[in-house]
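Peer 1: Pasting a structure below so you can have a look.
The values are calculated or read from the model by the stated rules, or taken from the named source; none is laboratory data. The structure displayed is predicted, hence computed values, not measured ones. Heads up, the Cβs are rebuilt from the backbone with ideal geometry, glycines too, and the neighbour counts pull from every protein chain shown.
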There are 2 protein chains.
Amino acid sequence: MARIDFQTDPGRYRHWKLRFDGPVAELVMDVDPDGGLFEGYELKLNSYDLGVDIELSDAVQRLRFEHPEVGAVVIRSGKEGVFCAGANIRMLGKASHGHKVNFCKFTNETRCGIEDSTANSGQFYLCAVNGPAAGGGYELAVSTDHIMLIDDRRSSVALPETPLLAVLPGTGGLTRVTDKRKVRRDLADVFCSTEEGVRGRRAVEWRLVDEAVPPSAWEKRVEERAREFAARSDRPKDAAGVVLTPLDRRFEGEDAVLYSSVRLEFDRGAGRATLTVLAPQEGPPALPEAARDAAFWPLRMARELDDAILHLRANEPELGLLSLRTEGDAASVLAHDAFLEQHKADWFIREVRHNLKRVLKRLDVTSRSMVALIEPGSCFAGTLAELAFAADRSAMFIGAREGDNREPAALTLSAMNFGAYPMANGLTRLGARFYGEPEAASRAEGRLGEALEAEEAEELGLVTYAHDETDWDDEVRIMLEERASFSPDALTGMEANLRFVGPETMETRIFGRLTAWQNWIFQRPNAVGEQGALKLYGSGVKPSFDKQRV
Amino acid sequence: MARIDFQTDPGRYRHWKLRFDGPVAELVMDVDPDGGLFEGYELKLNSYDLGVDIELSDAVQRLRFEHPEVGAVVIRSGKEGVFCAGANIRMLGKASHGHKVNFCKFTNETRCGIEDSTANSGQFYLCAVNGPAAGGGYELAVSTDHIMLIDDRRSSVALPETPLLAVLPGTGGLTRVTDKRKVRRDLADVFCSTEEGVRGRRAVEWRLVDEAVPPSAWEKRVEERAREFAARSDRPKDAAGVVLTPLDRRFEGEDAVLYSSVRLEFDRGAGRATLTVLAPQEGPPALPEAARDAAFWPLRMARELDDAILHLRANEPELGLLSLRTEGDAASVLAHDAFLEQHKADWFIREVRHNLKRVLKRLDVTSRSMVALIEPGSCFAGTLAELAFAADRSAMFIGAREGDNREPAALTLSAMNFGAYPMANGLTRLGARFYGEPEAASRAEGRLGEALEAEEAEELGLVTYAHDETDWDDEVRIMLEERASFSPDALTGMEANLRFVGPETMETRIFGRLTAWQNWIFQRPNAVGEQGALKLYGSGVKPSFDKQRV
């Protein structure tokens, strides 16, 4: 299978158009039916596949960095008579289980990203539903904070997955209907089992959309609303955007992907990948204005890390184990952290911080076992220490290596470990780690800025293991070999449960509950068997269901 | 397959023994290896199947009602050298997907029931782990509030499911380790992938148990702790227990199960069951003392309803649609509600209320589509109105039927709808219904005690549909036929998401997140395929895994 690439730019978009009018941008969906990522299906009626969503994700990201002047983004359709028909069903019918799951995960992350723009970037998303919005089409609309529906007796919103396809509206749909739109549960039940969806005033009464607008008033009202939302934005009107230049990325055959600050290396025999993040060579600039560049290390590293995670997920399904490493000068990392903290009111720095947050969240929901290896020469400090706290386990080397003049491994906390990068459940990774022992979290916070060596870090509960040179190689090898020998599925389920303790949010419910049920259904013969609804859709043959309730 | 019967009593137990010593009871697990519910496996080493858990559930229930004097219950093993080896693996390996899921659900409900005793009944559970406790054995321990582990260098606690069987510790284990025991996430990760488990002091340090006790002090310490917990109880010392006499239940061949206050009727052609709850013939007695009898309608009805739900789940998997009905005099129901409210401080009434709560929770997590039909002659009042609010949808008949002298259908709220029966997420069913519209909840509360007819109930948002006589038959028929035509799996997933809005608790995470992942894993070839770990366990052949991560 050809490599799936998550990098793109507006010049290469086939499915989306961006239009700008001062503080308002329009993100226009106009899917090229022939532009599918794979063979064998046509993307009719603005239906989408992963490729369409990769462009959407790119656009959402660029709007934040490249367009500080934009306070409101209107998502709409560029096609007459249809908003969006949702995920392409023939694509779903043909895709492997793994691809379906990955597709839904990325799509969910993109929608959460839209919500993050609205919540944290002063860039408000609206949706102008100017035609039927079905399934993923409505799920996209619901990721915005204001849904306008044209009241033309033809346009409707619908989640027809269950009646039509025997699967769930699994790209956040069910959860957002109850948790975000707060639709009454019996009405949600009716809505989610009504193929033809709900139109006009009833859609408003049921809380499915925010307003139904007569066609005569449509364009004017959309513009008004967009201006209203844009006016609430705290984004700078006159700042110059920071262009997200292409990543410095090189594929080393089948062995590695190398970026400027990230290395992703593969050991296929061991079923393992190693992800190494490199500290910046220099400290940050003196002033935030000078940082506004895609080369600014925290942004560059975050974008590279994001791409590496996505590459691993999509293109390396058999590497179930991910070692997390860092290399370089912790002082440079900490200097950047101080800079990120000092200038957090700056619009660009705010974006960088939230971007780091989103990338770390992407790591949290990546279904690979993650082990942090903290060795001499590493720089698990501040922002990079989050990698150790995101890992399922961590092992730390005691002292220096014989014949190696690098300093002993150290772990250093910075202000960034205490709130800048909340997990999907709203907790910091340290807060989640010490969920049962808040006093341990305070104790750790008391050591902020100190380079904590292995035995101390272990004593503070910051790492799982500390091993000295005598034991390190064997202990780490055995741990990794053992992990790689377990069932990948059981590990995926186990990690999905253990990583998220305590509070739940709409986001954790999407990734934890909705996704888990959808994954279950994606394996059921009633959906994907030869007689299943997803396989038979469009064939004219009615699916035949095993009626056993499980 | 032989019918699975959830009714039993201590005289028939094969696997548990109850011992009483004043305020302390011992619940001793001593599984009869030959007492499996099905052929083909031996219940060695205190491993269990559904039959063992049915007895446990019965014992937990009887301890509440029949033993008001018991303030503490110690769960322990009656076998030398082993506490409990968990769910029987050969049983799991041979069981159908549906049976595995049902088994885990019931087992989880039983463990939540133990926690409910501790939290709400003044009956505290302790666990004396006097031998290795593995998998479900440790999960049972964790459902108690105090775990003692004998520190004899042999006894350990373990969740070896992932390394050994390629499945999850799915009977609440993973969730309770993080949420209840608050084990640090990396230690939880190590614990859940260590076959041999954790012993002694380390088990205490990792928060897996509350104390490790040397063998020499063991019996004395267990007794001391039990006395301590019992001393905190507010249960009456001298009250006489209420014996849970056998249910008045009759199987009408393949067509129905009839109880004194509940009818469960089957329409196999339509894939539908109808559950009808009958109002009491008379009002409550004058004094709570006179109510203390298994014949007291709220208790009798709850036990019958519980049995009907369990029968439907275990023995009628193909009836995916459940119509909920009521019949009789709403005034009698409301009089009982008033009685339950007036005497809620009484120990027995407290038990009755919590029992009703648990039964309604059982309905909430039952994977059948539920439709309440509110017709003339019905009594959806107070406690019984909860059935309508538990349903996925409700339809109400407008006015009286021609030629039928019964009153028009009415829905009446009582105090019991506002806190007595919280769902697993802690919300009342009305609170969940009006999650997005708290003012609607207040508006409904303002009409407490009024017999609300269909149009008014619809206007208040209390029912989904109101139909008059002209439409009723067709509308209801079409709705039920349509529902029955959908994929059972998609409906199960959809309902599991839509029924639980808003807050999450350990309980909802067990039934929503952990269970969904386990159900997914229970279908994966790595667990249940011919080369899967669950199938091959004990054969000496190593499982072979598809290494793709999903």
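Peer 1: For residues in segment B:27-39 being of a type outside the set (A, V, I, L, M, F, W, C) and out of contact with any helix residue (DSSP H, G or I) (no Cβ under 8 Å at 6 or more places or on another chain), which is farthest from B:Lys237 (Cα to Cα)? Steps first, please.
Peer 2: First, pick out the residues of segment B:27-39 that are of a type outside the set (A, V, I, L, M, F, W, C): B:30, B:32-36, B:39.
Imposing the further condition that a residue be out of contact with any helix residue (DSSP H, G or I) (no Cβ under 8 Å at 6 or more places or on another chain) reduces the set to B:32, B:34, B:39.
Details: B:Asp32: 34, B:Asp34: 38, B:Glu39: 44 Å.
If we take residues in segment B:27-39 being of a type outside the set (A, V, I, L, M, F, W, C) and out of contact with any helix residue (DSSP H, G or I) (no Cβ under 8 Å at 6 or more places or on another chain), then B:Glu39 is farthest from B:Lys237 (Cα to Cα).
Peer 1: Right, another one. Taking the condition of being within 13 Å of chain B (Cβ to nearest Cβ), outside any loop (DSSP other than H, G, I, E, B) and either more than 16 Å from A:Ala454 (Cβ to Cβ) or aromatic (Phe, Trp, Tyr) (or both), how many residues in segment A:388-403 meet it?
Peer 2: First, the residues of segment A:388-403 that are within 13 Å of chain B (Cβ to nearest Cβ): A:388-396.
With outside any loop (DSSP other than H, G, I, E, B) added as a condition, the list becomes A:388-390, A:393-396.
Subset that is either more than 16 Å from A:Ala454 (Cβ to Cβ) or aromatic (Phe, Trp, Tyr) (or both): A:389-390.
Final tally of qualifying residues: 2.
Peer 1: Output the helices (runs of 4 or more DSSP H) that fall wholly within segment A:462-550 and possess 1 or more residues being more than 29 Å from A:Gly436 (Cβ to Cβ), or say none. I'd like the intermediate steps shown before the answer.
Peer 2: Numbers: elements: A:469-485, A:488-498, A:506-509, A:515-521, A:525-528, A:533-536.
The helices (runs of 4 or more DSSP H) meeting that bar are A:469-485, A:515-521, A:525-528, A:533-536.
Peer 1: I'd like the full set of residues that are surrounded by fewer than 24 Cβ atoms within 10 Å (Cβ to Cβ) and among the polar types (S, T, N, Q), limited to segment B:356-382.
Peer 2: Answer for segment B:356-382, where residues must be surrounded by fewer than 24 Cβ atoms within 10 Å (Cβ to Cβ) and among the polar types (S, T, N, Q): B:Thr366, B:Ser367.
Peer 1: Filtering segment B:365-387 down to residues that are in contact (Cβ under 8 Å) with a residue 40 or more places away in the chain and in a loop (DSSP other than H, G, I, E, B), which residue is nearest to B:Glu455 (Cα to Cα)?
Peer 2: B:Glu375
Peer 1: What number of residues within segment B:14-27 are in contact with a strand residue (DSSP E or B) (Cβ under 9 Å, 6 or more places away or on another chain) and either buried (at least 18 other Cβ atoms within 10 Å of the Cβ) or without any contact (Cβ under 8 Å) to a residue 40 or more places away in the chain (or both)? Even if it seems obvious, please write down each step before you answer.
Peer 2: Start the filter on segment B:14-27 by keeping residues that are in contact with a strand residue (DSSP E or B) (Cβ under 9 Å, 6 or more places away or on another chain), which leaves B:15-20, B:23-27.
Next cut, either buried (at least 18 other Cβ atoms within 10 Å of the Cβ) or without any contact (Cβ under 8 Å) to a residue 40 or more places away in the chain (or both) only: B:15-16, B:19, B:23-27.
So the answer is 8.
Peer 1: I'm trying to understand the selection: among the residues of segment A:481-511, which are hydrophobic (A, V, I, L, M, F, W, C) and either under 24 Å from A:Glu109 (Cβ atoms) or crowded, with 21+ Cβ neighbours inside 10 Å (or both)?
Peer 2: Let us first name the residues in segment A:481-511 that are hydrophobic (A, V, I, L, M, F, W, C), namely A:484, A:486, A:490-491, A:494, A:496, A:498, A:500-501, A:506, A:510-511.
Hits for segment A:481-511 are A:Phe486, A:Ala490, A:Leu491, A:Met494, A:Ala496, A:Leu498, A:Phe500, A:Val501, A:Met506, A:Ile510, A:Phe511.
Peer 1: Is it the case that B:Leu310 is of a type outside the set (Asp, Glu) and not in a helix (DSSP H, G or I)? Steps first, please.
Peer 2: Working: of a type outside the set (Asp, Glu): yes; not in a helix (DSSP H, G or I): no.
Answer is no for this residue.
Peer 1: Confirm whether B:Glu55 is of a type in the set (D, E, K, R) and either part of a strand (DSSP E or B) or farther than 17 Å from B:Leu140 by Cα (or both). Give the steps one after another, and end with the answer.
Peer 2: On the way: of a type in the set (D, E, K, R): yes; either part of a strand (DSSP E or B) or farther than 17 Å from B:Leu140 by Cα (or both): no.
It is false that B:Glu55 is of a type in the set (D, E, K, R) and either part of a strand (DSSP E or B) or farther than 17 Å from B:Leu140 by Cα (or both).
Rundown of residues vs (1) in a helix (DSSP H, G or I); (2) at pLDDT below 95; (3) more than 30 Å from A:His99 (Cα to Cα), yes/no style:
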residue: A:Glu318; (1), (2), (3): no, no, no
residue: A:Leu324; (1), (2), (3): no, no, no
residue: A:Ala335; (1), (2), (3): yes, no, yes
residue: A:Glu341; (1), (2), (3): yes, no, yes
residue: A:Ile349; (1), (2), (3): yes, no, yes
residue: A:Asn355; (1), (2), (3): yes, no, no
residue: A:Arg358; (1), (2), (3): yes, no, no
residue: A:Lys361; (1), (2), (3): yes, no, no
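Peer 1: Among the candidates A:Gly86, A:Gly35, A:Gly11, single out the residue that is surrounded by fewer than 21 Cβ atoms within 10 Å (Cβ to Cβ) and either out of contact with any Lys or Arg (no Cβ under 6 Å at 6 or more places or on another chain) or in contact (Cβ under 8 Å) with a residue 24 or more places away in the chain (or both). Before you say what the answer is, go through the steps one by one.
Peer 2: Numbers: A:Gly86 fails: surrounded by fewer than 21 Cβ atoms within 10 Å (Cβ to Cβ); A:Gly35 fails: either out of contact with any Lys or Arg (no Cβ under 6 Å at 6 or more places or on another chain) or in contact (Cβ under 8 Å) with a residue 24 or more places away in the chain (or both).
Exactly one residue qualifies, and that residue is A:Gly11.
Peer 1: Further question: Is it the case, given these coordinates, that A:Thr162 is over 23 Å from A:Phe124 (Cα atoms), within 12 Å of chain B (Cβ to nearest Cβ) and touching a residue at least 12 places away in the same chain (Cβ under 8 Å)? Please lay out each step first, then the result.
Peer 2: Values: over 23 Å from A:Phe124 (Cα atoms): yes; within 12 Å of chain B (Cβ to nearest Cβ): yes; touching a residue at least 12 places away in the same chain (Cβ under 8 Å): yes.
Yes, satisfied.
Peer 1: Considering every residue within segment A:372-381, establish whether at least one is touching a Gly at 6+ places or on another chain (Cβ under 7 Å), within 14 Å of chain B (Cβ to nearest Cβ) and under 21 Å from B:Phe191 (Cβ atoms).
Peer 2: There is no residue in segment A:372-381 that is touching a Gly at 6+ places or on another chain (Cβ under 7 Å), within 14 Å of chain B (Cβ to nearest Cβ) and under 21 Å from B:Phe191 (Cβ atoms).
Peer 1: Of the residues A:Ala441, A:Ala484, A:Ala457, which single one is free of Cβ contacts under 8 Å to residues at least 24 places away in the same chain and in contact with a Leu (Cβ under 7 Å, 6 or more places away or on another chain)? Lay out the reasoning, then the answer.
Peer 2: On the way: A:Ala484 fails: free of Cβ contacts under 8 Å to residues at least 24 places away in the same chain; A:Ala457 fails: free of Cβ contacts under 8 Å to residues at least 24 places away in the same chain.
Just one listed residue meets the conditions, A:Ala441.
Peer 1: Which numbered condition trips up A:Tyr421, out of (1) within 25 Å of A:Leu384 (Cβ to Cβ); (2) aromatic (Phe, Trp, Tyr); (3) outside any loop (DSSP other than H, G, I, E, B)?
Peer 2: (3)
Peer 1: Within the bounds of segment B:420-434, is there any residue that is among the hydrophobic types (A, V, I, L, M, F, W, C), more than 24 Å from A:Glu205 (Cβ to Cβ) and within 13 Å of another protein chain (Cβ to nearest Cβ)?
Peer 2: The first filter runs over segment B:420-434 and keeps only residues among the hydrophobic types (A, V, I, L, M, F, W, C), leaving B:420, B:423-424, B:427, B:430, B:432, B:434.
After this cut, where a residue has to be more than 24 Å from A:Glu205 (Cβ to Cβ) as well, the list is B:420, B:423-424.
Still in the running and within 13 Å of another protein chain (Cβ to nearest Cβ): B:423-424.
Checked segment B:420-434: at least one residue is among the hydrophobic types (A, V, I, L, M, F, W, C), more than 24 Å from A:Glu205 (Cβ to Cβ) and within 13 Å of another protein chain (Cβ to nearest Cβ).
Peer 1: When residues of segment B:446-461 are filtered for being loosely packed, with under 14 Cβ neighbours inside 10 Å and in a helix (DSSP H, G or I), how many remain?
Peer 2: So the answer is 1.
Peer 1: Among the numbered criteria (1) in a helix (DSSP H, G or I); (2) within 14 Å of chain A (Cβ to nearest Cβ); (3) surrounded by fewer than 20 Cβ atoms within 10 Å (Cβ to Cβ), which single criterion is violated by B:Ser442?
Peer 2: Of (1) in a helix (DSSP H, G or I); (2) within 14 Å of chain A (Cβ to nearest Cβ); (3) surrounded by fewer than 20 Cβ atoms within 10 Å (Cβ to Cβ), only one is false for B:Ser442: (2).
Peer 1: Go through segment A:173-182 and count every residue that is more than 7 Å from every other protein chain (Cβ to nearest Cβ) and either at pLDDT 95 or above or over 23 Å from the mean Cα position of the chain (by Cα) (or both). Full working, then the answer.
Peer 2: Narrowing segment A:173-182 to residues more than 7 Å from every other protein chain (Cβ to nearest Cβ): A:173, A:176-177, A:180-181.
Imposing the further condition that a residue be either at pLDDT 95 or above or over 23 Å from the mean Cα position of the chain (by Cα) (or both) reduces the set to A:176-177, A:180-181.
Number of matching residues: 4.
Peer 1: Does A:Val198 satisfy the criteria of being within 12 Å of B:Met494 (Cβ to Cβ), surrounded by fewer than 24 Cβ atoms within 10 Å (Cβ to Cβ) and at pLDDT 95 or above?
Peer 2: Numbers: within 12 Å of B:Met494 (Cβ to Cβ): no; surrounded by fewer than 24 Cβ atoms within 10 Å (Cβ to Cβ): yes; at pLDDT 95 or above: yes.
When the stated conditions are applied, A:Val198 does not pass them.
Peer 1: Taking A:His354, is it in contact (Cβ under 8 Å) with a residue 24 or more places away in the chain and either within 18 Å of A:Ile309 (Cβ to Cβ) or out of contact with any Phe, Trp or Tyr (no Cβ under 7 Å at 6 or more places or on another chain) (or both)? Explain how you work it out, then say what you get.
Peer 2: Details: in contact (Cβ under 8 Å) with a residue 24 or more places away in the chain: yes; either within 18 Å of A:Ile309 (Cβ to Cβ) or out of contact with any Phe, Trp or Tyr (no Cβ under 7 Å at 6 or more places or on another chain) (or both): yes.
For A:His354, the condition - in contact (Cβ under 8 Å) with a residue 24 or more places away in the chain and either within 18 Å of A:Ile309 (Cβ to Cβ) or out of contact with any Phe, Trp or Tyr (no Cβ under 7 Å at 6 or more places or on another chain) (or both) - is met.
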